[in-house]
Amino acid sequence: MLMIMGLFVGLVSAIVRPDDRGLLRVEAERLAQLLDLAAAESRLAGKSIAWTADGPGYRFWLMTGDTEASADWSEIRDTDLLRARTLPQGMMISGLEVENMRANGAMRLEFAPYSQGLSFIIEISLGAARYAVAASPIGELRVVPGEEKSSGANDKLLALR
């Protein structure tokens, strides 16, 4: 009887706990929704909002000041939706491509209120599992499953069209 209960508990915990790909997909979908929200907030408020990532986490920034020359960026802390986030252990933002160019150094996107959208791809990984948040120039965001090895941005963008 004890052995049967142990097997049952093990089976239930295996079913309830999502696998790496499932957990990664949930985080990629959350990121896509937050990026869409940031772009909409930027248009509504008339101020630029930036997204930055440092590998295991990301945060959103609001441009203060009236012009680009007097711009200063402050981290958004007054809303729960665009707060700083740390990804689950082992998961990381593993790449960013903007307009088919790989980001060198810091990973940063800027959503300007009066400009056309950018095409970008943000890659998220957990072990060998990969997902990408891909945006088209018309502002369409999709979560695209990645292969075990990361493929190029052009392949993912072609899948959007």
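Every number here is computed from the coordinates shown, using simple stated rules; none is lab data. The structure displayed is predicted, hence computed values, not measured ones. Please note: Cβ atoms are built from the backbone with ideal geometry, for glycine as well, and neighbour counts cover all protein chains shown.
Descriptive notes on the structure:
- Loop sites in the stretch 66-140: GluC sites (Glu not before Pro), DSSP, at most 14 other Cβ within 10 Å: 68, 99, 140
- Each Lys or Arg adds one and each Asp or Glu takes one away; over the other residues whose Cβ falls under 14 Å from the Cβ of residue 55, this sums to 0.
- Likely footprinting exposure, 98, 26, fewest C-beta neighbours within 10 Å first: 26, 98
- In this simple spin-label model, placing a label point 7 Å from the Cα along the Cα-to-Cβ direction at both residue 102 and residue 80 gives a separation of 3.9 nm.
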